[in-house]
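Read through the structure below, which is laid out as structure tokens, and then see the notes.
The values are calculated or read from the model by the stated rules, or taken from the named source; none is laboratory data. Everything quoted here is computed from the prediction, not taken from an experiment. With ideal geometry, Cβ positions are generated from the backbone for all residues, glycine too; neighbour counts draw on all protein chains shown. Areas reflect the complete protein model, heavy atoms only, side chains present, ligands, DNA and RNA absent. Shrake-Rupley method; radii C 1.70, N 1.55, O 1.52, S 1.80 Å.
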Amino acid sequence: MSLPLSPARVVDRLRAAGCVFAEDEARLLRSAADSPDRLAEMLELRCAGHPLEQVVGFAEFAGLRIALAPDVFVPRRRSEFLVERAATLGGPGTVVLDLCCGSGAIGAALAARLGDVELHAADVDPTAAACARRNLAPYGGAVHLGDLDAPLPRTLRGRVWLLVANAPYVPTDEIPLLPPEARDHEPPVALDGGADGLSVQRRVAAVAPRWLAPGGHLLIETSRRQAPATAALMADQGLTARVEQDEDRDATVVIGTRAGGCETGGAGNCTKGNAPRPQDREAGQ
């Protein structure tokens with residue numbers, strides 16, 4: 001067993017590794033470690049450049065503690081803006097679909113805000129999907145493993161009121177410019193958006209109409225520079241698109257709305273409306 005590391009020694013090691021908020025990180029590492037050996041192991045990982053959130057096993061996001069594992073995308077604070085904008089369009093009873101869900105942070109935050117929702121999420125990465133299952137379990141969320149919408153149940157078609165996606169949007173040739181924490185320790189599938197950064201967004205926009213209920217909304221996080229192109233992708237699929245931004249968080253969200261239905265979303269078929277569930281149709285409701 002290793003000798004306990006003093007708080008000052010932990011701070012000094014973090015400072016030497018270039019951690020700007022060494023004191024805060026030291027407190028977090030000490031609180032997350034269950035033994036001196038585990039603290040020493042976590043400190044080595046952090047000093048080697050691993051994201052703090054992956055090292056301690058969780059991230060703070062939208063007021064929630066989101067479980068994380070090594071090599072899983074760390075939710076960014078800017079994505080809280082996507083949650084906030086989506087939450088204004090939904091309510092209890094909303095059918096929510098989180099594509100490219102990663103750890104499930106966005107879906108979990110939406111469920112926590114909206115209340116009793118029908119929550120689905122999908123990701124192609126098995127490790128991320130396993131994290132998402134942990135994070136969405138308290139909300140009864142179903143996590144589907146597979147490429148984009150391929151693993152989704154057909155009964156979900158035409159019923160989704162809020163389809164949210166933080167799909168990768170970094171152009172391939174800009175990946176080397178990312179901070180080492182992201183570039184070296186997050187999966188490329190969660191970062192690389194193809195040559196123009198829009199390859200996955202393009203696919204999300206293409207499949208969205210088959211899943212959205214009339215009047216339902218597609219929300220995609222993107223960059224300020226790419227927002228006009230993201231909006232055009234939605235318009236090409238018949239969605240009415242608008243761009244919303246938050247300067248403080250450097251966050252940009254494009255919202256596309258399918259024609260028909262109601263103006264806002266939540267419980268019921270029209271008032272904050274979802275399409276009737278297949279079982280409701282069978283019961284004559």
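Results, tabulated for the structure shown:
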quantity: Positions within region 96-114 being surrounded by fewer than 24 Cβ atoms within 10 Å (Cβ to Cβ) and either in contact with an Asp or Glu (Cβ under 6 Å, 6 or more places away or on another chain) or basic (Lys, Arg) (or both), in sequence order; calculated: 113
quantity: Scope region 226-236; condition surrounded by fewer than 21 Cβ atoms within 10 Å (Cβ to Cβ) and over 11 Å from residue 169 (Cα atoms); matching residues; calculated: 228, 229, 232, 235, 236
quantity: Filter result for the condition that a residue is out of contact with any strand residue (DSSP E or B) (no Cβ under 7 Å at 6 or more places or on another chain), closer than 30 Å to residue 254 by Cα and either modelled with pLDDT of 95 or more or open to solvent by 60 Å² or more (accessible area, probe 1.4 Å) (or both), over 73, 21, 81, 58; calculated: 73
quantity: Exclusive hit being surrounded by fewer than 24 Cβ atoms within 10 Å (Cβ to Cβ) and at pLDDT 95 or above, set 89, 68; calculated: 89
quantity: Any hit, region 162-173, residues being surrounded by fewer than 19 Cβ atoms within 10 Å (Cβ to Cβ) and out of contact with any strand residue (DSSP E or B) (no Cβ under 9 Å at 6 or more places or on another chain); calculated: yes
quantity: Single residue of region 180-218 satisfying the filter (acidic (Asp, Glu) and under 20 Å from residue 128 (Cα atoms)) that is surrounded by the most Cβ atoms within 10 Å (Cβ to Cβ); calculated: 186
quantity: Among residues of region 153-181, those that are outside any loop (DSSP other than H, G, I, E, B) and at pLDDT below 95, counted; calculated: 2
quantity: Which numbered condition residue 142 fails, given (1) surrounded by fewer than 20 Cβ atoms within 10 Å (Cβ to Cβ); (2) over 20 Å from residue 208 (Cα atoms); calculated: (2)
quantity: Candidates 141, 107, 93, filtered to the one that is at positive phi and among the small types (Gly, Ala, Ser); calculated: 93
quantity: Where a residue in region 215-236 is touching a residue at least 60 places away in the same chain (Cβ under 8 Å) and its partner, wherever it lies, is among the basic types (Lys, Arg) and part of a helix (DSSP H, G or I), with Cβ under 7 Å and at least six apart; calculated: 219/85
quantity: Residue tally, condition over 25 Å from residue 91 (Cβ atoms) and open to solvent by 60 Å² or more (accessible area, probe 1.4 Å), over region 116-132; calculated: 3
